[in-house]
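Below is one structure, written out as structure tokens; the observations come after it.
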Amino acid sequence: MAMGIRPLGDLPLIEPTSTESYRLALKAKILADDHAYHFQALPGSERAQAEAAEYLCRRLSLTWPSEDMDPLDAVGRELDADLLLLDGSQEGVPLIAGQLCFANDWCLEDKLGRSFLAVHDIVPGFEATIGSPSLKLLERMKPDRPVWRLNWSIKPTDRLDLSPRWAEWVNARKESVTAANAGDRCYFRIERQTLSRLPATQTVLFTVQTFVARMEELAADPARARRLASVLRTVPQPMLDYKGIAPFAAPLLAYLDDAAR
């Protein structure tokens, strides 16, 4: 397991996408349907939220968000990304606020207020391998040096909101994956994550922008299909279980092997 952290440099904080308007409309609907589930903030996080909103507005040339709602919630409605705040001034760097509409198997009510390591305690091998280095990275980040990384998974749906309330529906779809239909039923899901330290409050702003691609499109290139199969074969079983790939790993590998030929 590796952190894969790189300096953000001149790269954009949020990548422009051709589907931005659709995704912003989807985010607005998700928030309208159950706001309290998808936006949460601890009391006392208001100053950190305001600094994060100001940072995002300045960096992305946005107008200052409405004063009728929490700053992080308001600015998040203009961005094709989830927004999370970690308090770098507290021991353990706990999660103190977030707008999370396109979650990958987790929700705010299970993580809010917990330390960084506790948030990740479900990840196999995390604490024993990269937990301590990751925490030190957060504690030592400089305000003028944002970083980014990628995280990946494979899902039997292109649905963006995969919070735990959808787990039963997703699990049922896993059972329908076969070697014949894996290209159509499976989707490669990438999270482009950035981390920025805010100087006044020492808050760490964590952005998560999600991209989804149908496996059939990726596997149309035999070399890419071969690489994907090779990566899957190197993933330890506990990580396959954690990522939710284990139930359909065998038919997916059979599909990729065939596509690679």
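Dipole size of the chain about its Cα centre, with +1 on Lys/Arg Cβ and -1 on Asp/Glu Cβ: approximately 940 debye, rounded to the nearest 20. If you bin all the Cα-Cα distances of segment 152-261 at 5 Å, starting from zero, the percentages per bin are 2, 12, 20, 22, 17, 10, 6, 5, 3, 2, 1, 0.
Within the chain, what whole-number % of the accessible surface is contributed by carbon and sulfur, with the 1.4 Å probe and all protein chains included in the calculation? C and S fraction of accessible area: 53 percent. From the Kirkwood radius over Cα pairs of segment 200-261, Stokes-Einstein at 4 °C and 1.567 mPa s returns a whole-number translational diffusion coefficient of 96 µm²/s.
Counting only Cβ charges, +1 for Lys and Arg and -1 for Asp and Glu, the dipole size of segment 91-162 around its Cα centre is about 320 debye.
Taking every protein chain into account, the accessible area of the chain amounts to 49 square angstrom per residue (probe 1.4 Å). The packing ranking of peptides 6-19, 180-193, 140-153, highest mean first, is 180-193, 140-153, 6-19, where packing means the average number of other beta carbon atoms within 10 angstrom of each residue. For segment 119-187, GluC sites (Glu not before Pro) meeting the loop criterion (DSSP other than H, G, I, E, B) and having at most 14 other Cβ atoms within 10 Å: Glu175. Just so you know, the Rg over Rh for segment 95-186 is 1.04, from Cα atoms, with Rh as the Kirkwood radius.
Computed over the Cα atoms of the chain, the ratio of the radius of gyration to the Kirkwood radius (Rg/Rh) comes to 0.97. Once the mean of 1/r is taken over each pair of separate Cα atoms and inverted, segment 49-159 shows a Kirkwood hydrodynamic radius of 15.7 Å.
Pairs of Cα atoms nearer than 8 Å and 6+ residues apart set the relative contact order; for the chain it is 21 percent. The string of couplings for segment 19-25 from the Karplus curve (6.51, -1.76, 1.60, θ = phi - 60°) is 9, 4, 4, 5, 5, 5, 5 Hz, one whole number per residue in order, with x for Gly and Pro.
The values are calculated or read from the model by the stated rules, or taken from the named source; none is laboratory data. Note that this is a predicted model, so its numbers are computed, not measured. For neighbour counting, all protein chains shown are included, and Cβ atoms are generated from backbone atoms with ideal geometry for every residue, glycine included. Calculation scope for accessible area: heavy atoms of the full protein, side chains included, ligands and nucleic acids excluded. Shrake-Rupley method; radii C 1.70, N 1.55, O 1.52, S 1.80 Å.
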